[in-house]
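Encoded as structure tokens, the structure appears first; notes follow it.
The values are calculated or read from the model by the stated rules, or taken from the named source; none is laboratory data. The model shown is predicted, which means the values in this text are computed figures rather than measured ones. Cβ: placed from backbone, ideal geometry, glycine included. Neighbour counts: every protein chain shown.
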Amino acid sequence: MSKIFDTHIHIDNFATPEQKRILNAIDAAKVDKVALFAEEPAYFEKDFRKVKEHNKGRMDRLFQWCDHSDNRMLPIYFLNPTEVDAIQQAEEAVERGAVGFKVICDTHMPGDERAMPVYQRIADMGKSILFHTGILWDWGDNGNYNRPCNWECMMNVENIKFAMAHISWPWTDECLAVYGKFACMKWHPSYRNQEIYIDMTPGTPDNYRQKVINNFHDVNYEGTCEHLLFGTDLFTGDFDANWIVEYAKQDTERLLKAGFTQETVDKILYHNAMEFWGLKD
């Protein structure tokens, strides 16, 4: 079995950090690393003092979960880039050891004028952003914020490295097209090291998944094998490391059936995430 890096795990809101429980679970299941997303921002709270207090608490807890875990639990700060102090939050998170950022466009478009300088600051610090893309199963009229074509705005962010999560389901073909566009833009005079990844975390129901993986193989855009990531979308509250291993086995079967090599499977399950988050063994 390949080494496994699950790059998509959520911390439950206001949960007491239980690092030992997660480490014991991944040790027992032989999962190598997990990326933990901080608790979600308070999108609809209007009182800035309460928002700031919430952000401080969830940032503190993120590092309580992850610090001193021998880099097996990687801290990813969940950022609302439209908050007035978003750049300051990003800088503090990096200073404290965050390896990257998670963003969900719950209340705004990806290219919101408030967000673009935040993305650029993150890129300038050499950190990556994993975006939710695809239908958003939160209450409200927010699906159109998360269609893959909206991420063409990232072409305006120099040196950005970002991922579109969930294969953008149900807009998986659009996701593939956006990936292909970025791959082709490396020869454009405006190219400034903008790099796109696709997080294969479901998303996709099982009856869609094989077809989507087949399409990614058959279209064969440049660099696809090095730009796919593995994840499960688990939460810390009911965390089941054995499910990570089981889903890795299922995706391995799907990838091999589609025509990807075992070498590529190894990259998707582990090595691509190491590159995406800027890590070294």
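Checked against (1) crowded, with 20+ Cβ neighbours inside 10 Å; (2) within 23 Å of Lys56 (Cα to Cα); (3) aliphatic (A, V, I, L, M), Met125 meets all criteria but (1).
Considering every residue within region 252-264, establish whether at least one is at pLDDT below 95, over 19 Å from Phe37 (Cβ atoms) and outside any helix (DSSP H, G or I). The answer is no, given that none of the residues of region 252-264 is at pLDDT below 95, over 19 Å from Phe37 (Cβ atoms) and outside any helix (DSSP H, G or I). If you go through region 258-281 and pick out every residue that is more than 17 Å from Ala165 (Cβ to Cβ), in contact (Cβ under 8 Å) with a residue 60 or more places away in the chain and touching a Cys at 6+ places or on another chain (Cβ under 9 Å), you end up with 0. Checked against (1) under 23 Å from Asn13 (Cβ atoms); (2) under 18 Å from the mean Cα position of the chain (by Cα), Lys127 meets all criteria but (1).
Just for region 246-266: of the residues that are farther than 18 Å from Asp218 by Cα and under 19 Å from the mean Cα position of the chain (by Cα), which one is surrounded by the most Cβ atoms within 10 Å (Cβ to Cβ)? Write out each step before concluding.
Initially, region 246-266 is screened for residues farther than 18 Å from Asp218 by Cα, giving 246-250, 266.
Next cut, under 19 Å from the mean Cα position of the chain (by Cα) only: 247-248, 266.
Working: Tyr247: 19, Ala248: 24, Asp266: 15.
The qualifying residue surrounded by the most Cβ atoms within 10 Å (Cβ to Cβ) is Ala248.
Scanning region 1-30 for residues that are over 19 Å from Tyr247 (Cα atoms), surrounded by 16 or more Cβ atoms within 10 Å (Cβ to Cβ) and under 20 Å from the mean Cα position of the chain (by Cα) gives a single hit, Ile11.
Note on region 31-52: residues that are closer than 30 Å to Tyr247 by Cα and among the small types (Gly, Ala, Ser) amount to 2.
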